[in-house]
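**Student:** Below is the structure I would like to discuss, written out as structure tokens.
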Amino acid sequence: MFCCISCKNNNERNLVNQQMANDKKSVIDQKVDSLLSLMTLEEKIGQMNQYNGFMDFTGPVPNEEDIERKFEHIKKGYVGSILNVRGVEEIRAVQKIAVEQSRLGIPLIFGFDVIHGYQTMSPIPLAEAASWDLKAIKESARLAAKEAAAAGINWTFAPMVDISRDARWGRVMEGAGEDPYLGSKIATARVKGFQGDDLSDKESIIACAKHFAAYGFPESGREYNNADLGTSTLYNVVLPPFQAANSAGVRTFMNSFNQLNGIPATANSFLLRDILKEKWSFDGFVVSDWGSVAELIPHGYARDASIASKLAVNAGTDMDMESYFYLNELVKLVNDDQVNTSTINDAVRRILKVKFELGLFDNPYKYCDKNLEKKIIGSTEIASGALDMALKSVVLLKNENQTLPLKKKGQKVLLVGALASDKDSPLGNWRAAAIENSAVSILEGMQQYDENLIYSKGPELILGKTEFAKEVQINTQDRFGMKEAIQAAKDVDVVVMVLGEHGLQSGEGRSRSRLDLPGLQQELLEKVFKVNRNIVLVLNNGRPLAIPWAKKNIPAIVEAWQLGSQSGNAVAQVLYGDYNPSGKLPMTFPRSIGQVPIYYNHKSTGRPNLPSADFVFWSHYQDESNEPLWAFGHGLSYSKFEYTDLKVVNNYSTNGIVKVELTLTNNSNRKGKEVVQLYLKDKFSKVVRPVKELKGFQLIELAPNTSIQVKFELADRELGFYDNEGKWFIEQGDFEVYVGGSSSTDLSRSFKLLN
Ligand code: NOJ
């Protein structure tokens, strides 16, 4: 039954579209099968081999002999994909060898880490997540895909959908933070942005959900370390964003470097076969992480290359990234009946299918248009998208005494900090093809508003030149510039201090054991504060920082992450009030490193509260509070929002829906946006549920002094959870629903779920 003609028409259109998609699929399946029947075993295994290109981007530069051999292998059809080759000219040249010189002319797929932009950098993914703006995040991925596709790339190793609760881990910059609900929505947005509606579109590239799985839970926050994880966390926290990416149609998965409960993810058939390929029916292909098939040996899981290859391929890793193991070992393993031909066929089928879907067989040079490359890369369209995303990613953490916005006239402003004039750090870690020092610095951004702006750099943050694959050297000794900055601060109305981490202090291989302001920055902050308390602290960082002194003493604090190419323009617009910030933290900020992992959706203990003063036997620290510095979901605005009239209409027993309604009021004279957050607590459960879980949010713009009624609906998808066997379960009984502007809200109502 249809409620109206237009619904009927839509429905019919959907059916037709579905039918067409199925037809296309079966045509592709037939083409794949007929190609497969022509291939030798060596050529099939060749499709499962991915080589690094010929530049030093994510690994060591191959030597000359290596390059020669790679070329030869492409000619023989022993390579299915290449990563880290970019630019239309280069890609066309390599593709030409594959298509014209190999026996079957199967085109290569070109992969690249387009994580937050290609040449034009958008904010780091953690910053984008702070926008809670799914439309903007999707658009940001779309523009990144467009720019990368114009450079010949057709596969990005993004999105990273690893949930993490550990700010020590450098890769939190690459994810969407600590929450599986927000993380799943963002995973969907990013996949849809990269892949678009149609993969054969010239601006679409295939996405890769990574790192499957539990890479975000490395012990002690140390990169590449292993994860030991209970099933409750695995099913309810780690896996949901991957499942969301799969439902959004992501065409590839990348596995992770870590062991999960003693089994390396690369050879983990529980993850790759039982869950991904069977339970979730994923029909794309799985690529290993860089050399992770070879790493099965140092993990202590495989004795040699042959066993490593056998374990990885049997477990479901379809493509070997830069280990060279599959190419060297699989033929013999098949001939010795150690690996079934059907396993190889399945892997190759998956890879070929994606190549067909991308349209590479119709036109292997589909992404190789010189004119487009010239027109799109670095265009104003992409730059203005990056600015829009950067503005939406800023989080106003504190603003006392209306310190912000700065006045556009009549205020003497001093800008301090090495990061303030840095044009490189805002590009972040995964800077793909960004041009060095190409970001708009905060100094440049602010100068557009204040031609009398005074800048005093203070001590350097970094010693020497930074490089993607090298440790950054932090200045801890050289105080040159400190005195001048303090002196200059005495004589101004307000001091804007830009402090935090360099863009290359987070990302792969960049774990930290401290979460403070690195180098001499805390000293600089405190010394400037002694002479002028009217400070605006602008943070640049790729992870949550533990900065309790700053929170206590500094009147205004702005979280500006690494915002990409347009960083300075975005920060200046926020500081001078031309843009009203609306970002909210996607990760808890700890008070001290000892609290890590700290996350809002933890479970209660048997002793959660202090029963009486000075009593010791409850779950706490002697020397630190249990509270975070800033809670997940926290973020202010220049407007003032209030939440009232919360009510629950519980129709679960009749139609399976619990309605939640509230009034949101903008009690200020400024138009602004607020992320209204809804959290749920399932009070008593057969597997204990967290004290609060995000189950809905809406980004709402409100005119000054107006109100709006906000409505949410909770159904089984929000109300249930995975039990320890991975089965979805809806618990009857008592629930508490919370709404507010952060996870620390205590505005709540209770309801009961009865069938
Ligand atoms: C290793 C990283 O873990 C992965 O995320 C990345 O995509 C590959 N290197 C390729 O650069």
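**Student:** Among the listed residues Arg689, Arg670, which satisfies the condition of being under 28 Å from the mean Cα position of the chain (by Cα) and not in a strand (DSSP E or B)? Full working, then the answer.
**Tutor:** Details: Arg670 fails: under 28 Å from the mean Cα position of the chain (by Cα).
After ruling out the rest, the residue left standing is Arg689.
**Student:** So which residues in region 634-670 are of a type in the set (Lys, Arg) and touching a Gly at 6+ places or on another chain (Cβ under 9 Å), if there are any at all?
**Tutor:** Kept after step one, since they are of a type in the set (Lys, Arg), are these residues of region 634-670: 640, 647, 659, 670.
Once the filter is applied, which keeps residues that are of a type in the set (Lys, Arg) and touching a Gly at 6+ places or on another chain (Cβ under 9 Å), region 634-670 yields Lys640, Arg670.
**Student:** For Asp516, only one of the following conditions fails: (1) open to solvent by less than 20 Å² (accessible area, probe 1.4 Å); (2) more than 25 Å from Asp113 (Cβ to Cβ). What is its number?
**Tutor:** The one condition Asp516 does not meet is (1).
**Student:** Of Ile82, Ile115, which residue is within 16 Å of the ligand (Cβ to nearest atom) and open to solvent by 10 Å² or more (accessible area, probe 1.4 Å)?
**Tutor:** Ile115
**Student:** Test each condition in (1) on the phi < 0 side of the Ramachandran plot; (2) surrounded by 15 or more Cβ atoms within 10 Å (Cβ to Cβ); (3) assigned to a loop (DSSP other than H, G, I, E, B) for Leu372 and report the one that comes out false.
**Tutor:** Every condition holds for Leu372 apart from (3).
**Student:** Answer yes or no: is there a residue in region 181-196 that is away from the ligand (no atom under 16 Å from the Cβ), open to solvent by 10 Å² or more (accessible area, probe 1.4 Å) and aromatic (Phe, Trp, Tyr).
**Tutor:** Taking every residue of region 181-196 in turn, at least one turns out to be away from the ligand (no atom under 16 Å from the Cβ), open to solvent by 10 Å² or more (accessible area, probe 1.4 Å) and aromatic (Phe, Trp, Tyr).
**Student:** Something else about it: Looking at (1) over 23 Å from the mean Cα position of the chain (by Cα); (2) more than 30 Å from Tyr326 (Cβ to Cβ), which is the only condition Leu396 fails?
**Tutor:** (1)
**Student:** Tell me yes or no: at least one residue of region 134-148 is modelled with pLDDT of 95 or more, within 16 Å of the ligand (Cβ to nearest atom) and under 12 Å from the mean Cα position of the chain (by Cα).
**Tutor:** Yes: region 134-148 contains one or more residues that are modelled with pLDDT of 95 or more, within 16 Å of the ligand (Cβ to nearest atom) and under 12 Å from the mean Cα position of the chain (by Cα).
**Student:** What are the residues in region 280-306 that are within 16 Å of the ligand (Cβ to nearest atom), more than 25 Å from the chain's Cα centre (by Cα), among the hydrophobic types (A, V, I, L, M, F, W, C) and closer than 15 Å to Asn268 by Cβ, if any?
**Tutor:** The one that is within 16 Å of the ligand (Cβ to nearest atom), more than 25 Å from the chain's Cα centre (by Cα), among the hydrophobic types (A, V, I, L, M, F, W, C) and closer than 15 Å to Asn268 by Cβ: Leu296.
**Student:** In addition: What number of residues within region 609-644 satisfy the criterion of being open to solvent by less than 60 Å² (accessible area, probe 1.4 Å) and touching a residue at least 40 places away in the same chain (Cβ under 8 Å)?
**Tutor:** Matching residues across region 609-644 total 13.
**Student:** Regarding Phe71, is this residue at pLDDT below 95 and either part of a loop (DSSP other than H, G, I, E, B) or in the same structural domain as Ala469 (by TED's automatic domain parsing) (or both)? Talk me through it step by step, then tell me what you get.
**Tutor:** Numbers: at pLDDT below 95: yes; either part of a loop (DSSP other than H, G, I, E, B) or in the same structural domain as Ala469 (by TED's automatic domain parsing) (or both): no.
It is false that Phe71 is at pLDDT below 95 and either part of a loop (DSSP other than H, G, I, E, B) or in the same structural domain as Ala469 (by TED's automatic domain parsing) (or both).
**Student:** Follow-up question, since we're still on this one. Within region 598-646, track down each residue that is of a type in the set (Phe, Trp, Tyr) and in a loop (DSSP other than H, G, I, E, B). Quick ask: steps written out before the conclusion?
**Tutor:** Looking only at region 598-646, we keep the residues that are of a type in the set (Phe, Trp, Tyr), and these are 599-600, 615, 617-618, 621, 630, 632, 638, 641, 643.
Tyr599, Tyr600, Phe615, Phe617, Trp618, Tyr621, Phe632, Tyr638 - these are the residues of region 598-646 that are of a type in the set (Phe, Trp, Tyr) and in a loop (DSSP other than H, G, I, E, B).
**Student:** Right, next: Quick check on this structure: which one of Ser164, Ser131 is open to solvent by less than 10 Å² (accessible area, probe 1.4 Å), part of a loop (DSSP other than H, G, I, E, B), of a type in the set (Gly, Ala, Ser) and within 16 Å of the ligand (Cβ to nearest atom)?
**Tutor:** Selected residue: Ser164, the only one of Ser164, Ser131 that is open to solvent by less than 10 Å² (accessible area, probe 1.4 Å), part of a loop (DSSP other than H, G, I, E, B), of a type in the set (Gly, Ala, Ser) and within 16 Å of the ligand (Cβ to nearest atom).
**Student:** Within region 566-589, is even one residue surrounded by fewer than 21 Cβ atoms within 10 Å (Cβ to Cβ), among the hydrophobic types (A, V, I, L, M, F, W, C) and in the same structural domain as Asp493 (by TED's automatic domain parsing)?
**Tutor:** no
**Student:** If you take just the strands (runs of 3 or more DSSP E) that sit entirely in region 692-750, which of them hold at least 2 residues that are over 29 Å from the mean Cα position of the chain (by Cα)?
**Tutor:** Counting at least 2 such residues, we get 706-714, 733-740.
The values are calculated or read from the model by the stated rules, or taken from the named source; none is laboratory data. Here the structure is a predicted model, which means the values were calculated and not measured. Note that we place each Cβ from the backbone using ideal geometry, even for glycine, and neighbour counts take in every protein chain shown. The protein model used for the area step is the full one, side chains on, heavy atoms only, and it has no ligands, DNA or RNA in it. Shrake-Rupley method; radii C 1.70, N 1.55, O 1.52, S 1.80 Å.
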